[in-house]
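Input: a single structure, listed below in structure tokens.
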């Protein structure tokens, strides 16, 4: 029987949120099931969805700060955006050309990049 990435992710997240002595065996069995169903190509989606489910259950946000190049004082800006329990990911993304983008829980909250401005200009 085939399962969607969401089903696999829910199973993994339940194991992660409520760990027990059987957790290792349960994870191993899930991985065996994924292989048996030839769903290895879904592993990235499964991981991303499981991570999101665990984060939501813990009440945490994932905050991604992207800049076109390294910025010296970016930590001062980040302190104003990020909460204590947030999961922070700082990335350099040259495709932005210049500026910054803030993504919270996989949704763009602020896009001050030159790439976005050029895209809007030449629509």
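Per the listing 76, 117, 83, 35, the residue uniquely assigned by TED's automatic domain parsing to the domain that holds residue 13 and either without any contact (Cβ under 8 Å) to a residue 40 or more places away in the chain or within 15 Å of residue 12 (Cα to Cα) (or both) is 35.
Looking at segment 31-53, is at least one residue over 16 Å from the mean Cα position of the chain (by Cα), more than 17 Å from residue 4 (Cα to Cα) and not in a helix (DSSP H, G or I)? No, every residue in segment 31-53 fails to be over 16 Å from the mean Cα position of the chain (by Cα), more than 17 Å from residue 4 (Cα to Cα) and not in a helix (DSSP H, G or I).
Restricted to segment 17-47, and to residues that are modelled with pLDDT of 95 or more and closer than 23 Å to residue 63 by Cβ, which residue is surrounded by the fewest Cβ atoms within 10 Å (Cβ to Cβ)? Of everything passing the filter in segment 17-47, 44 is surrounded by the fewest Cβ atoms within 10 Å (Cβ to Cβ).
Applying the criterion of being in contact with a helix residue (DSSP H, G or I) (Cβ under 8 Å, 6 or more places away or on another chain) and either assigned to a loop (DSSP other than H, G, I, E, B) or assigned by TED's automatic domain parsing to the domain that holds residue 49 (or both) to the residues of segment 86-104, the residue that is nearest to residue 58 (Cα to Cα) is 99.
When every residue of segment 60-70 is checked against the conditions, none turns out to be in contact with a strand residue (DSSP E or B) (Cβ under 9 Å, 6 or more places away or on another chain), touching a residue at least 12 places away in the same chain (Cβ under 8 Å), assigned by TED's automatic domain parsing to the domain that holds residue 113 and part of a helix (DSSP H, G or I).
The values are calculated or read from the model by the stated rules, or taken from the named source; none is laboratory data. Computed from a predicted structure; not experimentally measured. Note that we place each Cβ from the backbone using ideal geometry, even for glycine, and neighbour counts take in every protein chain shown.
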